[in-house]
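> There's a structure below that I have some questions on.
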Amino acid sequence: MAQKRISRISNEYLRALSDTMRTLKDPRISGLVSITRCEVTGDLRYVKIYVSVLGSEQQKKDALEGLKNASGFIRSDVVSRISLRAAPEPIFELDDSIKRGSAVLSILSEIKEEPKRFNITIKADFPDCLKLFEEEDNFLILTHARPDGDTLGSAAALCYALTKLDKTAYVLENPDITKKYAFLIEDIAAPEGYEPETVIAVDIADGSLFPENARDYIGYVDLAIDHHRDIPDYARLALSQPERAACGEIVYDLIKFMGISLDKKMAEAIYTAVSTDTGCFRYSNVTSSTLRTAADCLDAGINAAALNRIYFELKSRSRMMLDGIVESTMKFFEDGKIALVIIDEETITSLGITNDDLDGISGFPRRIEGVEIGITVTQRPDGNKVSVRTSPDADASAICRRFDGGGHRCAAGCTLSGSLEETGERLVTAAIEELSKIK
Ligand SMILES: [Mn+2]
């Protein structure tokens, strides 16, 4: 059977399965299981259902057992919801591509008394998103903790686009927003007491990255739009395109799909998203589509040079002093292929360093000739924040996943506790192992 038809059937199956799953009352399943994808075989005899289970090894086993028990019911119930001439037999498989950080687990255990509105995440496409936008109203858009230009630009552009559909839409204020990005959402920040009906998250890779004031929405997000490696699992629908350089690129294509043309404000927001996530179009994640997105923003009348100066040139005097310290204290390993930068809390306080000042600091080590893996550790009150940047040959997210973090192939992050020295040692050891894979 044509591959295209099979993948359409698989998607339809996945959608129907989500409705079936909602009717299951087995405590081993509800709230713990996310369906990541379905694959129907060409002869329609079997369907492979990939599940990711939140919890311990035992809970995973129990959930699989529960699914197997229910498989007869699932088999007939799903088929009754779609027009399919055969009833494929479900085969459940654990999907290990989704690794959760312990942080997510603890957040979810905190809110577990709250009933979740859904228990599986479905991959969505542009028509699914448009349907949601048309059918629902009173939107709230969430950005990630320590917000960057991509999450804020994506949120702002989407918010303006929704208002053009005559919908009510706001962006939730982000407590860590930095000065240079504040203008993006100043006119569209959610007023106090705003009660949203539909919640959208942009550029948030997983639940541990929700800012403090957004945590209550975990499990209540209707749509996640994201470009990270794993499918976000805190939302009912996920529009996930990991091949995109920035979330803003996906949002722009979605806006076009909505039939809306960019005005200057939306273009500034999209340009902010794509330029900042690509280091002003210098990183290996840039594709021709990234540049076309930027070109369309220029056509909409933005002043790109003025934005570039704010995002990529200007720095405070505190940051200038910090750069000097970083340069003189950077350590090298493995013939200079690994560079480690450690910024301790005392330096941050004595120089009066703000979040604004730390922006982009993690790109520093990779600017040195010969460095394949650059590690930046910043000591903060809630742990040692780690950013890893690598050449396209090495895998930054593989290093960070060892410490319950994640991200992209060339840029990833995690948080470690313990002394700075120990943190540095653990990271360098992991980096050496990663390096050995590409030698
Ligand atoms: Mn991003």
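Quick note: the coordinates plus some simple rules give every number you see, no bench work behind them. What you are looking at is a predicted structure, and each value in this text was computed from that prediction instead of being measured. Neighbour counts are summed over all protein chains in view; Cβ atoms, including those assigned to glycine, are modelled from backbone coordinates with ideal geometry.
> Rounded, prolate or oblate: which fits the stretch 122-312 when a ≥ b ≥ c are the square roots of the eigenvalues of the alpha-carbon gyration tensor, with rounded for a/c under 1.5 and prolate only if a/b beats b/c? Intermediate results must be reported in sequence, preceding the final value.
Numbers: a/c = 1.34, a/b = 1.31, b/c = 1.03.
Here the stretch 122-312 falls in the rounded category.
> Which of the residue pairs K4/K256; K123/K315; K315/K337 have a Cα-Cα distance greater than 30 Å in the structure shown? Can you show the working numbers first?
Values: K4/K256 24 Å; K123/K315 40 Å; K315/K337 28 Å.
Among K4/K256; K123/K315; K315/K337, the Cα-Cα distance tops 30 Å for K123/K315.
> How large is the Kirkwood hydrodynamic radius of the stretch 317-438, in angstrom, based on all distinct alpha carbon pairs? Kindly include the intermediate steps, with their values, before the conclusion.
Numbers: mean 1/r = 0.0705 Å⁻¹.
Computed over Cα pairs of the stretch 317-438, the Kirkwood hydrodynamic radius comes out at 14.2 Å.
> Taking H placed 1.01 Å from N in the peptide plane, check which residues at least 5 places from G406 or on another chain put their amide H under 5 Å from its amide H.
G413
> Quote to one decimal, in nm, the extra length available between K48 and N355 on full extension: 0.36 nm per residue of separation minus the C-alpha distance between them.
In short, 106.0 nm is gained.
> Based on the mean of other beta carbon atoms within 10 Å per residue, what is the order of 350-358, 269-277, 417-425, most packed first? Please list the in-between numbers first.
Details: 350-358: 16.0, 269-277: 28.7, 417-425: 13.9.
In descending order of packing, they fall as 269-277, 350-358, 417-425.
> Okay, moving on. Of S71, S10, V47, which is farthest on the positive side of the dipole of the stretch 3-98, counting Cα position, with +1 on Lys and Arg Cβ, -1 on Asp and Glu Cβ, and the Cα centre as origin?
Of the candidates, S10 comes out farthest on the positive side.
> Also, I was wondering about something else. When the chain is fully extended, how far beyond the present Cα-Cα distance does A295 get from K437, taking 0.36 nm per residue of separation? Before the final figure, lay out the partial values.
On the way: separation 142, 0.36 × 142 = 51.12 nm, distance 3.79 nm.
Value of the extension gain: 47.3 nm.
> Ok, one more. Which order do C400, C159, C129 fall in if you start with the one that has the fewest other Cβ atoms within 10 Å?
Details: C400 25, C159 28, C129 21.
The fewest-first ordering by Cβ neighbours comes to C129, C400, C159.
> To continue, here is another question. Considering amide H positions built from the backbone, and no H for Pro or chain starts, which residues 5 or more places from N138, or on another chain, come under 5 Å of its amide H?
Placed amide hydrogens put T168 under 5 Å from N138.
> Assuming R0 = 41 Å, what is the FRET efficiency of T41 and R402, from their Cβ-Cβ distance, to the nearest 0.05?
Efficiency at R0 = 41 Å is approximately 0.70.
> Also: Tell me the label-point distance for the pair T168, D137, using the 7 Å Cα-to-Cβ offset, in nm and rounded to one decimal.
With each label placed 7 Å out from Cα toward Cβ, I get 0.8 nm.
> Also, I was wondering about something else. Please say if the stretch 149-215 is rounded, prolate or oblate, where rounded means a/c under 1.5 for a ≥ b ≥ c the square roots of the C-alpha gyration tensor eigenvalues, and otherwise the choice is prolate for a/b larger than b/c and oblate otherwise?
On the way: a/c = 1.42, a/b = 1.21, b/c = 1.18.
Cα axes put the stretch 149-215 in the rounded bin.
> Report, in whole Å, the centroid distance computed from the Cα atoms of the stretch 390-423 and the stretch 211-290.
22 Å
> Taking only DSSP H segments of four or more residues, each worth -39500 (n - 2.57), what value at 222 nm results for the chain once the sum is divided by all its residues, to the nearest 500 deg cm²/dmol? Working shown, then result.
Details: 16 runs with 176 residues, N = 439.
Value at 222 nm, helices only: -12000 deg cm²/dmol.
> Where in the stretch 214-249 is the amide nitrogen less than 17 Å from a point lying 7 Å along the Cα-to-Cβ axis of R380?
From the stretch 214-249, the list is 214-215.
> How far is helix 149-164 tilted off the main Cα axis of the chain, in degrees rounded to 10, range 0 to 90?
Taking the Cα atoms of the chain, the angle to 149-164 is about 50 degrees.
> Here's another thing I want to ask about it. Please work out, to two decimal places, the log10 of the ratio I(q)/I(0) at q = 0.14 Å⁻¹ from a Debye calculation in which every Cα of the chain carries one identical scatterer.
The calculated log intensity ratios at q = 0.14 Å⁻¹ are -1.37.
> I've got another one for you. Treating cross-link reach as a plain straight distance, find the aspartates and glutamates whose alpha-carbon is under 19 Å from the alpha-carbon of K264, omitting any fewer than eight places away in the same chain.
List returned: D150, D166, E186, D187, E249, D253, D296, D299.
> If you keep only loop residues by DSSP, which GluC sites (Glu not before Pro) in the stretch 217-285 have at most 11 other Cβ atoms within 10 Å of their Cβ? Could the numbers behind the result be given before it?
Working: sites: E243, E249, E268; in loops: E243.
Passing sites in the stretch 217-285 are E243.
> Within the stretch 322-356, name every residue whose backbone N is under 19 Å away from a label modeled 7 Å from Cα of E369 along the Cβ vector.
Within reach of a label on E369: 327-328, 330-340.
> What aspartates and glutamates could a cross-link reach from K437, if we take a straight Cα to Cα line under 18 Å and drop same-chain neighbours fewer than 8 places away?
Straight-distance partners of K437: E334, D335, E372, D393, D395.
> About the Cα centre, and with charges only on the beta carbon of Lys, Arg (+1) and Asp, Glu (-1), how big is the dipole of the chain? Nearest 20 debye, please.
Working: 54 positive and 70 negative charges, 265 e Å.
So the dipole magnitude of the chain works out to roughly 1280 debye.
> Another question, if that's okay. Tell me, what ³J(HN,Hα) does each residue in the stretch 293-310 have, in order and in whole Hz, if you take phi through Karplus 6.51 cos²θ - 1.76 cosθ + 1.60 with θ = phi - 60° and put x for Gly and Pro?
Residue by residue, the stretch 293-310 yields 4, 4, 4, 5, 5, 5, 4, 7, x, 7, 9, 5, 4, 5, 5, 4, 5, 5 Hz.
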